[in-house]
Each structure stands twice: as structure tokens, then as C-alpha cells.
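Here the structure is laid out as C-alpha cells; the discussion comes afterwards.
The values are calculated or read from the model by the stated rules, or taken from the named source; none is laboratory data. Predicted model, so just to flag it, every value in this text is computed and none were measured. Cβ placement follows ideal geometry from the backbone for every residue including glycine, while neighbour counts extend to all protein chains displayed.
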Amino acid sequence: MIWTTFNLKKWKHAETEAKIITWDVTSYYGYLPAAFIHYDLSLGFVDTDSVDYAAKHQFWPERLNSELESDPKGEIKVIKTTMGLSFMYAPFFFMAHGFAHLSKYEPNGFSQPYEFFLVVSCLFYLFIGLYYLRKLLLFTFSEWVTSLTMVTILAGTNLYYYASAEPAMSHAFSFSLITCFIYQSVLWLSEKKIKRAIYLGLLGGLIVLIRPVNVLIFLFPLLYNVTTAKQFIERINYFTCKWKHIITIAFLGFFVLLPQFIYWKLITGSWLFNSYVGERFYFNNQHIIEGLFSYRKGWLTYTPIMIFACIGLLFLFKKERKYFLSISVFLCTNIFVLYSWWSWWYGGGFGSRPMIDCYGLLAIPMASFYSVTLRKKLVLIPIFSIGIALITLNQIQTFQHRRGIIHWDSMTKKAYWNVFLKMNMRADDWDRQERYLKPPDQIKARAGEDEYDFNPF
């Protein structure tokens, strides 16, 4: 990961062509320069400064109608995403800010030092997540199975792309936090110590503050080691008896979320505010099949090695049933919710990026798959060979996406097979690809309508 990161050097041309602080990261990161450089979280400077922040992708607020006397333009500006990632960026932002002041770089929040330290922050948190993933897997599996699973999760999935090519996006950070949350959940339910509840409250609050939909991860401690209705009732009774722990988790989670509520109150006048203006879930019109299998952005189409994890759920049911219900219920609920979002393909990117967040959890059934299949001599070589092939495929497709060979949101069946495994494109390949691509119909999707017919078969 370190070699890949320093080989890509995404921060190299930050002053002229931002590669790190752009698109969604502009919102995730915007709280820091707004608060500590411009001293204005209302973003009033966006309209008064001579800098064209919109053209530079440096600030990207939602603009809302306003009737405030203090707002002469009749609109308020609110940062679209929540501030969780700014919390995680913050130590590295301050290091970059100090370095910029002591060097030739402009201390404006967007020059090379800031992008470089954001990359470093991703590696830092990623390694923490991998460290706790190893500790989590070693509760149940051997060192060899654990190592193989970790290599697969990092090198064989789109986590690798988002930890290297788009390292300031939320997914590597959420992967690490959720992995730590699962680890602490297991210890909390076994040790019954208040310090584990403190960790869960802080981690859970930060997980939700980064991506609110990830609140679903609280299903894990509710259902872990529950295999019967009687055990579920016992779990509820356990939570009742440990009410001090539950209050601690809830209070600390709320404490982490409180700055966001205060920000919304100060800017919009409401403690709770949907900053994704005009965007919503359509639970009556999900796109689960497209989200899993489509050529546009299907999870299992572009990250096929996660089929091992799906099969591994069956082995969990037989071998490690304590994990089965919690992971299965979370996975099904998460898939239902994620692919009910109007933009089920989640904009530009490689594969189905919101699924990355729970790869630490899905590493458990993947390890179960390896633990069972690699003990059988008849399937050991085929499974190992398929695994290597799928990891290689992921590396090739990561390269293709970085080069624009795989389009960020307009792939079709013809476009996919036109460039399959191609590392170099001729002029006629590019011409065909342009004809085969089909951009999403944003207007229909926002209205909750099916914008194209999809048949996985």
C-alpha cells in the first residue's frame, strides 16, 4: 500500500489539478479550512472572495432559500456531508497547516502539504483497521486463514482502489472504524467491562457521523452469539441489566454527534437537517439486483471475490453459528437500504463503493470459507487458483479504472467486455467504448423511476 501510494503521488499537482480534495472529499474536508483558515462555517467568503472556489472544487455547499436579514443574497450555504471525516482528518490537517507555514507552500488548506497529509491519514487509519481485523479473525481462525483473508480483503476488492487512488474518500476510514467496532463488540459481550462500552459509544458515534446509514452496524452487538429466540430474549435482558453500559454508549455516541447538530442549528436554524437536498431513498423501488450484478457498478460484478464471503455465510451457519445471524441480518438490511438510494450506483467510482465499509465484517464469513475449503485437498488447488485469479482481476480493473478504461458511471455489458483485461487501448477500442457507454438518467433516478431495463441473465 505504501509503495502504491508513493508511486501514484496523487498530491503532486495539488495547486493546479486537485486529485485528492475534489468531489465528495470537498464536502467531507470543507469544515476544516472553513473553520481554521477562513474562520467562517457559514461560508460567506465563498461569494465575497476573489477566488472562484467552485471552479477549483474547493468548497461545494448546498444553497438554500433564506429570509434572514443578515443574508442579503437570500440563501444560506450548508456543507452537504456530515463532519465525521473532518474529525479524522484533523490531526493531519494541522500537521499540513504547520508544514505549509514553514515552507514555500501556501497555507490555504488546498496546496500540496494538505493533500499529502490526507493520503497519510488514510494509510494510518487503514493500518489500524487491518491490525484490529487480524485480532478479530484470530478469535476464531488460524494465522494462515487470517493472513489469507486479510490479503484478499485488501488486494482483491475495491478497498485497494479507495485506499490508494481516492484515499480521502470515506470508505477506508469507515472500514477501519467498523472493524474496530466489531472487535470491541465481541469483547464487550464477553468481558462485560465498561471500558468496552466507552469504546463502542465513541466508535459508533464517529461511524454514524461519517456515514449516517452505517448506524445499521449496531445490529451486530444486538445479534452476535444469538442463535435462538430464547437467546435473543436473554440478550435484551442483558442490555436491560447493563443499562449503565447502554446509557454510556448512547451518551458518548450523542456527544460525538453533537457538533453536527450545533452546526445545523447555527446555519439552518434546525437541530436536524437533511443536507442532501432533493435526494432520498425509495424503499418501494429498490435496485438490489442492479446494485449487486449490473455492469454499471454491480458489487459482485466488479468485486467478484466477495462471492467467497457470501458462500462463507453458509459455513458460518454450520461451524461458527455465533456470527451467522448478526452478519446475515446486517448484510441483508444493509443491501436493502443502500440500493434503495435514488443513486444506487453512488456516482462516480470503482465498483459499489458503499459496500467497502463493511468488509471488516464480511472478512469473517470469508475466513470461514477459506477455513473449510482449504482443508479439503480436492478443492484446495482450484479454490486457491480462483482466488489468485480474482485478486489479479481486481488489480487489473483497478488499473483500468485509474486510466479511464473502465468508466466511472456509464459502463454497459458491451462496454465491459470490450475492455475486459485490456491494459492498453487502441484508437478503435476507444471509439467502440464511447459508443457502448450509457450515462445514468439522473432526472428519472431522482424521481424514483427506473431509468433503464436491466436483466442480469
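Answer with yes or no whether PHE139 is in contact with a helix residue (DSSP H, G or I) (Cβ under 7 Å, 6 or more places away or on another chain), at pLDDT 95 or above and either surrounded by fewer than 16 Cβ atoms within 10 Å (Cβ to Cβ) or hydroxyl-bearing (Ser, Thr, Tyr) (or both). Break it down into steps so the answer makes sense when it comes.
Values: in contact with a helix residue (DSSP H, G or I) (Cβ under 7 Å, 6 or more places away or on another chain): yes; at pLDDT 95 or above: yes; either surrounded by fewer than 16 Cβ atoms within 10 Å (Cβ to Cβ) or hydroxyl-bearing (Ser, Thr, Tyr) (or both): yes.
In short, yes.
Considering only residues that are surrounded by 15 or more Cβ atoms within 10 Å (Cβ to Cβ) and of a type in the set (Phe, Trp, Tyr), which ones fall in the stretch 392-435?
TYR416
Checking the structure you have, find out if any residue of the stretch 265-281 is without any contact (Cβ under 8 Å) to a residue 40 or more places away in the chain, closer than 30 Å to ILE79 by Cβ, surrounded by fewer than 19 Cβ atoms within 10 Å (Cβ to Cβ) and among the aliphatic types (A, V, I, L, M).
At the first step, the residues of the stretch 265-281 found to be without any contact (Cβ under 8 Å) to a residue 40 or more places away in the chain are 265, 269-272, 274.
After this cut, where a residue has to be closer than 30 Å to ILE79 by Cβ as well, the list is 265, 269-272, 274.
Next cut, surrounded by fewer than 19 Cβ atoms within 10 Å (Cβ to Cβ) only: 265, 269-272, 274.
Subsequent filtering for residues that are among the aliphatic types (A, V, I, L, M) retains 272.
Looking for residues that are without any contact (Cβ under 8 Å) to a residue 40 or more places away in the chain, closer than 30 Å to ILE79 by Cβ, surrounded by fewer than 19 Cβ atoms within 10 Å (Cβ to Cβ) and among the aliphatic types (A, V, I, L, M), one finds at least one in the stretch 265-281, hence yes.
Check VAL277 against each of (1) under 22 Å from the mean Cα position of the chain (by Cα); (2) assigned to a helix (DSSP H, G or I); (3) among the β-branched types (Val, Ile, Thr) and name the one condition it does not meet.
VAL277 satisfies all of (1) under 22 Å from the mean Cα position of the chain (by Cα); (2) assigned to a helix (DSSP H, G or I); (3) among the β-branched types (Val, Ile, Thr) except (2).
Is at least one residue of the stretch 78-91 within 28 Å of the chain's Cα centre (by Cα) and free of Cβ contacts under 8 Å to residues at least 12 places away in the same chain?
We begin by selecting, within the stretch 78-91, every residue within 28 Å of the chain's Cα centre (by Cα); these are 78-91.
After this cut, where a residue has to be free of Cβ contacts under 8 Å to residues at least 12 places away in the same chain as well, the list is none.
Within the stretch 78-91 (the criterion being within 28 Å of the chain's Cα centre (by Cα) and free of Cβ contacts under 8 Å to residues at least 12 places away in the same chain), the answer is no, since none of the residues qualifies.
LEU374 passes all but one of (1) touching a residue at least 24 places away in the same chain (Cβ under 8 Å); (2) under 26 Å from the mean Cα position of the chain (by Cα); (3) farther than 25 Å from TYR162 by Cβ; which number fails?
(2)
How many residues does the stretch 152-177 contain that are in a helix (DSSP H, G or I), crowded, with 24+ Cβ neighbours inside 10 Å and not small (Gly, Ala, Ser)?
9
Provide a single number: the residues in the stretch 379-420 that are in a loop (DSSP other than H, G, I, E, B), of a type outside the set (A, V, I, L, M, F, W, C) and touching a residue at least 60 places away in the same chain (Cβ under 8 Å). Please lay out each step first, then the result.
So in the stretch 379-420, the residues in a loop (DSSP other than H, G, I, E, B) come out as 403-412, 419-420.
Remaining after also requiring of a type outside the set (A, V, I, L, M, F, W, C): 403-404, 407, 409-410, 412.
Now narrow it down to the ones that are touching a residue at least 60 places away in the same chain (Cβ under 8 Å): 409-410, 412.
Looking only at that region, the number is 3.
Report yes if some residue within the stretch 362-378 is charged (D, E, K, R), part of a helix (DSSP H, G or I) and surrounded by 23 or more Cβ atoms within 10 Å (Cβ to Cβ); otherwise report no. Explain how you work it out, then say what you get.
First, the residues of the stretch 362-378 that are charged (D, E, K, R): 375-377.
The next check asks that each one be part of a helix (DSSP H, G or I); those that pass are 377.
So of that shortlist, the ones also surrounded by 23 or more Cβ atoms within 10 Å (Cβ to Cβ) come out as none.
Among the residues of the stretch 362-378, not one is charged (D, E, K, R), part of a helix (DSSP H, G or I) and surrounded by 23 or more Cβ atoms within 10 Å (Cβ to Cβ), which makes the answer no.
What residue, among those in the stretch 1-18 that are surrounded by fewer than 19 Cβ atoms within 10 Å (Cβ to Cβ) and not in a helix (DSSP H, G or I), is nearest to the chain's Cα centre (by Cα)?
Result: MET1.
Out of the residues in the stretch 280-310 meeting the condition of being among the small types (Gly, Ala, Ser) and assigned to a helix (DSSP H, G or I), tell me which one is farthest from ILE327 (Cα to Cα). Don't jump to the end; show me each part of the working.
In the first step, residues of the stretch 280-310 are kept if they are among the small types (Gly, Ala, Ser); the result is 291, 294, 298, 309.
Of the ones still in play, those that are also assigned to a helix (DSSP H, G or I) are 291, 309.
Details: GLY291: 19, ALA309: 11 Å.
The qualifying residue farthest from ILE327 (Cα to Cα) is GLY291.
Pairs please, first residue from the stretch 34-47 and over 15 Å from TYR263 (Cβ atoms), second anywhere and among the small types (Gly, Ala, Ser) and surrounded by 15 or more Cβ atoms within 10 Å (Cβ to Cβ), Cβ atoms under 6 Å, 6+ apart in sequence or on different chains.
Once the first residue is over 15 Å from TYR263 (Cβ atoms) and sits in the stretch 34-47, its partners that are among the small types (Gly, Ala, Ser) and surrounded by 15 or more Cβ atoms within 10 Å (Cβ to Cβ) give ILE37/GLY109.
Is there a residue in the stretch 380-391 that is aliphatic (A, V, I, L, M), surrounded by 13 or more Cβ atoms within 10 Å (Cβ to Cβ), more than 19 Å from LEU300 (Cα to Cα) and modelled with pLDDT under 95?
No.
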